[in-house]
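To start, the structure under review is shown below, and the notes come after it.
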Amino acid sequence: GKNPQVVKDQQMWWGFVGNRINRAVRMEAARIVAEGLATEEQVDAIMKDGFRWPMGPFEMQRGALR
């Protein structure tokens, strides 16, 4: 059920497009929590409610560690 996309490869950048975007999201979410603006749970809820994500960045990270 997925639709593959052919993109240009860059030698100096590791990973696929989706991985790069996901890393940026996780890093920004971590900065928001470190600054005390929101908790991990709040960030996850905001992304699910506001952007209709099936799970937030911290939930995804916890799921990947299991």
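The values are calculated or read from the model by the stated rules, or taken from the named source; none is laboratory data. Fair warning: this is a prediction, and the values are worked out from it, not measured in the lab. With ideal geometry, Cβ positions are generated from the backbone for all residues, glycine too; neighbour counts draw on all protein chains shown. The accessibility values were calculated without ligands, DNA or RNA, using every heavy atom of the protein model including side chains. Shrake-Rupley method; radii C 1.70, N 1.55, O 1.52, S 1.80 Å.
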Cα Rg over Rh - the chain, Kirkwood: 1.04
For the chain, with all protein chains present and a 1.4 Å probe, just round the carbon and sulfur fraction of the accessible area to a whole percent. 57
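Could you please report the charge total around ALA45, scoring K, R as +1 and D, E as -1 over all other residues with beta-carbon less than 15 angstrom from its beta-carbon? Please report the intermediate quantities before stating the final value.
Working: positive: LYS48, ARG52, ARG62; negative: GLU40, GLU41, ASP44, ASP49, GLU59.
Around ALA45, the surrounding residues sum to -2.
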³J(HN,Hα), Karplus 6.51/-1.76/1.60, whole Hz, each residue of the stretch 44-60, x for Gly, Pro: 4, 5, 4, 5, 6, 6, x, 10, 6, 6, x, 7, x, x, 6, 4, 4
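How large is the accessible surface per residue of the chain, computed with a 1.4 Å probe and reported in Å² as a whole number?
Working: 6120 Å² over 66 residues.
Each residue of the chain exposes 93 Å² on average to a 1.4 Å probe.
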With contacts defined as alpha carbon pairs under 8 Å and 6 or more residues apart, what's the relative contact order of the chain in percent? 21
Once label points are set 7 Å from the Cα along Cα→Cβ at both MET27 and ARG62, what is their separation, rounded to one decimal in nm? 2.4
Amide H neighbours of TRP53 at under 5 Å, excluding residues fewer than 5 places away on the same chain, with H built from the backbone geometry, are LYS48
Simple spin-label model, 7 Å along Cα-to-Cβ: GLU35 to GLN11 in nm? 3.7
